[in-house]
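Single-structure report; data block below.
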Amino acid sequence: MHGMDTARGLLRFLTCGSVDDGKSTLIGRLLYDSKLIMEDTLATIEKDSRKHGTVGEEVDLALLVDGLEAERQQGITIDVAYRFFGTPKRSFIVADTPGHEQYTRNMATGASNSDLAIILADARKGVLTQTRRHTYICSLLGIRHVVLAVNKIDLVGFDEATFDRIVGDWATFASGLGFQTMVPIPVSARFGDNVTQRSGNTPWYRGPTLLGHLEAVDVEHGVEDKSFRFPVQWVNRPNLDFRGFSGSVASGRAAVGDAVVVAASGRTSHIARILGPDGDVDVCSAGDAVTICLADEVDVARGDVLAPLADRPELADQFAAHLLWMDEEAMLPGRQYLMRVGNLWTTASVTAIKHRVDVNTLEHAAAKKLDLNEIGFCNFSTAMRVPFDAYTENRQTGAFVLVDRLSNRTAGAGMISFGLRRATNIHQEEFLVDKRARAALDHQKPLVLWFTGLSGSGKSTVAKLVEQALYREGRHTYTLDGDNLRFGLNRDLGFTDQDRVENIRRVGEVAKLFVDAGVIVLCSFISPFRAERRMVREMMADGEFIEVFVDTPVEECIRRDPKGLYAKALRGAIQNFTGVSSPYEPPEQAEVHLHTVGRTPEQAAVEVLDHVRRLIAS
Amino acid sequence: MQSTTRAGPGVGASAGRLTPQLRRLEAEAIGILRETAAGFRNPVLLYSIGKDSSVVLHLAMKAFAPGKPPFPLMHIATGWDFRDMLEFRDRRVAELGLRLIVHSNPDGLARGINPLDHGSQVHMSVMGTEALKQGLDIHGFDAAIGGARRDEEKARAKERVFSHRTAGHTWEPRNQRPELWGLYNTRINQGEGMRVFPLSNWTEFDVWEYIAAENIPVVPLYFAAERPIVKRDGILIMRDDDRMKLRDGEQVERMWVRFRTMGDWPLTAAHESRAETLGQMLDELRESRVSERAGRLIDKDQEASMERKKREGYF
């Protein structure tokens, strides 16, 4: 571990391409030819080759990397696998990523952590949709160095013209994508041509071997020369005498004595100490895990970013970004997600999809939602102001992930383009007569009673009884339901998932205005998704939102069917009908859970009223 | 028994100075440990006493300096750990002033489960996997830090750094969260857990080079010494106590051996070696054409056994 390797350091690269292009075989070949396969591993592979192998009597090198049982049987890599190998010149970490369309998210994962990509194409098939898709995703994720490995060149008789045609097709597509190096190499992973050894079968090829290129390529993109960015990960306060901010330097460098600013608050100080893994150091630079002590008692928390005074990140709560969707459940504008930017967690929603990118043609198309593996350019709104740099400037501070609030699945990956300036020009108006003052005039407590349940469950019936009773007690009330909103404010909305989300968002905003006016608002909406009910709950102050689950089994609703809708839905005459062709997600912790079967609407109303009266009295 | 626990001499100029690659791996691992402390309510470091655990512990001491790691250590004791390991464990924990939890499966102990009578599969399932789940549940740990590396085995190669576990501690290989840019998703629902692997991107060789450069204490069993050995089914087993009954024709021989991995002594194969120092051992490792896990008898039970064990909750 001296000399050359320290100059070039570690190279992280990924391999991507279409199914059966031979990615796993290529990595197996690199490991095999680098003499990194241990004897017992090889014995296992030889045994497995006879059982699962696809290349007859030879050792199937793909079996070295296709790890999981299921994919061994299917012969497809279904996940990202990381492999390690080294030569006297350099160490490598390889992300083996799948070509299967539904696993594009894993390819993006591999790309986000890599500096170079090997994109495979089958010499017999040329540039396919997947080849273009992967080339584009590599570019979008900021990879600047790509290799096009034209594999199975043996199966086209080592033909130069075929190679040139494929390279030409690819270059036409890829040349505008901002790559710094694009290196096409004709290879046979199965037989090893031009992988680690120059092949005698391709005398017309004068470029480097694949391994030769990987050993030599310079991917240092001057991350140390960029602006200093230090996302605070953890506040280290073991005792009263020490207060430090731990984290990994995202970019640039800083030294003891440098002036820094906390990006979000604008507070400034100087760096008093830097603690590296072995104690005090004078400077820290990109990639270092350090603890920074400031000269002044400045308020700093996890998620804050320290930056130079004269060179701060942008700060915005609205910005435009590319979003790659990775979840089975589609991304709907208006729906709230958790967002992680650096070490900051906040909530965010897409306010508009500017366009969807067709990854095959790079053309833009209109979209109302993003499905799994789709990429869109979107406007975002976040609950907090977020410090960031454009992703093209800084991969560390310009990236974010979105997490589903209920399942906690990692649902989207985003790359920020720019802040939307208007965000800084909208100021919340403060009024002297406020919600509390208006409610006090009425001697009441403003609330939202949110009735959710299937169509025909009895929501509106119970809500009406509750409202009548409250009115008799002198309370100011108002009812919002589908009938008085669908015909007016929301008449542009249908019943697709995204329209349902927008419908509820608008209802929530209207309910919030009524609450602000001091009124008790009764809302009866099927509101089938937990995420939207939670969204409305979070618009209100603590304790203002009362979720009433009108729990009537779908069989009972079908039996009642007061509007004849279930009959139609079951015939297929109504699309997206909740309980029949669209899901209903029951509340997990409703404030009031009404079982309606075997009870009168009046009995149910009393239960709601009991809850409300306790709240108003308290 | 050998008394040297410090890394031996013979590593030359690299001692105390890390290569750029090791510096990068060190920084990455420290970042992951801090993320675990920041992102979870009640994390724990699973301390298996092996070389990888020793490195994780060393990194944890660095990550939270000048304070101590804000989480305890937990050792899952199967009753068949090498005596040297237990002695080493207690000494290290005392030296560092850390809190150690030792958990064994009481039910398994009561039933007398052991690797010699019940076989490695039953033993590891009851005394390893079940005991681990119990330990996590009893203390309500929501994140468990371990020393597993992606280069160890094929099923590990696809493991995440932050690896989600369902409320039943199972691993669903088809339902793992994508990890982009090191923006780890540490969110879990009530009852669920996370396994955290700071050494994901290290190789066996990185681990030993780091141990050498940082002078990290490791269990003396990694170094060659004359030990009491029984040859059984072509494998060298160190007879650490007389619970292992000799079969007809078997005898205990004094042989120069060392171990490449740590585990329960009846399930861990020794190999003949004269590598008494770290330098000699690194030389031996460079020459080796056998993988690390070849010495682990538990991995050979059945094809893809690691994946199966991981799904069931094994580390």
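The values are calculated or read from the model by the stated rules, or taken from the named source; none is laboratory data. This structure is a prediction, so every number in the text was calculated from the model and none was measured. Neighbour counts are summed over all protein chains in view; Cβ atoms, including those assigned to glycine, are modelled from backbone coordinates with ideal geometry. Note: areas computed on protein heavy atoms with side chains; ligands, DNA, RNA excluded. Shrake-Rupley method; radii C 1.70, N 1.55, O 1.52, S 1.80 Å.
Values as computed for the structure displayed
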| read-out | value |
| --- | --- |
| Neighbour cut-off at most 16 other Cβ (10 Å), DSSP loop, GluC sites (Glu not before Pro), segment A:273-380 | A:297, A:328, A:363 |
| Cα centroid separation, segment A:163-202 to segment B:76-90 (Å) | 54 Å |
| Of B:123, B:251, B:25, farthest towards positive along the dipole that unit charges on Lys, Arg, Asp, Glu beta carbons give chain B | B:25 |
| Student exercise, chain B dipole from Lys, Arg, Asp, Glu Cβ charges, in Debye to nearest 20 | 660 debye |
| Farthest positive-ward along segment A:286-345 dipole, Cα basis, beta-carbon charges - from A:339, A:295, A:310 | A:339 |
| Averaged over B:33-45, number of beta-carbon atoms from partner chains that fall within 10 Å | 3 |
| Mean ellipticity per residue at 222 nm, deg cm²/dmol - from DSSP H runs of n ≥ 4 across chain B, formula -39500 (n - 2.57) | -9500 deg cm²/dmol |
| Computed over chain B: relative contact order in percent, which uses C-alpha pairs under 8 Å that are six or more apart | 24 percent |
| Nearby aspartates and glutamates by direct alpha-carbon distance to residue A:369 (threshold 17 angstrom, same-chain neighbours under 8 apart not counted) | A:327, A:328, A:329, A:358, A:404, A:492, A:497, A:499, A:502, A:532 |
| Size of charge dipole - the protein assembly as shown - debye, nearest 20, with Cβ of Lys, Arg +1 and Asp, Glu -1, no other charges | 1160 debye |
| Relative contact order of chain A, pairs being alpha-carbon contacts under 8 Å that are 6 or more residues apart, as % | 9 percent |
| In degrees, nearest ten, helix A:497-516 long axis to first principal axis of chain A (Cα) | 50 degrees |
| For segment B:172-194 versus segment A:336-379, the gap between their alpha-carbon centres in whole angstrom | 21 Å |
| Burial of 40 Å² or greater, segment B:62-86 residues [accessible area, probe 1.4 Å, versus chain by itself] | B:62, B:66 |
| Antiparallel DSSP beta bridges within chain B, as percent of all bridges there, nearest 5 | 60 percent |
| Dipole moment magnitude, nearest 20 debye, segment A:230-308 about Cα centre, only Lys, Arg, Asp, Glu C-beta charged | 200 debye |
| Positive-end residue of B:277, B:215, A:123, charge dipole of the protein assembly as shown with Cβ unit charges | A:123 |
| Projected label distance in nm at residue A:309 and residue A:472, using a 7 Å step from Cα toward the beta-carbon | 7.1 nm |
| Excluding exposed DSSP-loop chymotrypsin sites (Phe, Trp or Tyr not before Pro) (at most 10 other C-beta within 10 Å), longest clean stretch of chain A | A:1-430 |
| Accessible area of segment A:435-617 belonging to carbon and sulfur atoms, whole % at 1.4 Å probe | 53 percent |
| Too-long pairs where the Cα-Cα distance tops 21 Å, listed order kept, from A:464/A:563; B:51/B:133; A:23/A:152 | B:51/B:133 |
| Accessible surface, segment B:54-207, averaged per residue in Å² (probe 1.4 Å) | 33 Å² |
| Between helix A:23-33 and chain A: long-axis angle, C-alpha atoms, 0 to 90°, nearest 10 | 40 degrees |
| Nitroxide proxy distance, nm - points 7 Å out along Cα→Cβ at residue B:41 and residue A:161 | 7.0 nm |
| Loop trypsin sites (Lys or Arg not before Pro), segment A:527-592, which have at most 14 other Cβ atoms in a 10 Å radius of their Cβ (DSSP) | A:563 |
| Rounded, prolate or oblate (a/c below 1.5 giving rounded, otherwise prolate when a/b exceeds b/c) for chain B by Cα gyration tensor | oblate |
| Accessible surface buried once A binds B (1.4 Å probe; total of both sides; Å²) | 5800 Å² |
| Low-density loop cleavage sites - trypsin sites (Lys or Arg not before Pro) in segment A:459-526, where at most 10 other Cβ are within 10 Å (DSSP) | A:491 |
| Per-selection Rg to Rh, segment A:435-617 - Cα, Kirkwood hydrodynamic radius | 0.96 |
| Crossing angle, helix A:459-472 versus chain A [Cα axis fit, 0-90 degrees, rounded to tens] | 40 degrees |
| All Cα pairs of chain A, percent lying beyond 48 Å | 30 percent |
| At 0.890 mPa s and 25 °C, Stokes diffusion of segment A:163-270 via Kirkwood alpha-carbon radius, µm² per second | 129 µm²/s |
| ³J(HN,Hα) computed for each position of segment B:208-224 - Karplus, 6.51 cos²θ - 1.76 cosθ + 1.60, integer Hz, glycine/proline x | 5, 5, 5, 4, 5, 5, 9, 6, 8, x, 9, 4, x, 4, 5, 9, 5 |
| HN-Hα J in Hz across segment A:286-296 - Karplus 6.51, -1.76, 1.60, θ = phi - 60°, x for Gly and Pro | 2, x, 6, 9, 9, 10, 10, 9, 9, 6, 10 |
| Burial of 40 Å² or greater, segment A:220-250 residues [accessible area, probe 1.4 Å, versus chain by itself] | A:233, A:234 |
| Solvent-accessible heavy-atom area per residue, rounded to whole Å², over segment A:435-617 at 1.4 Å | 49 Å² |
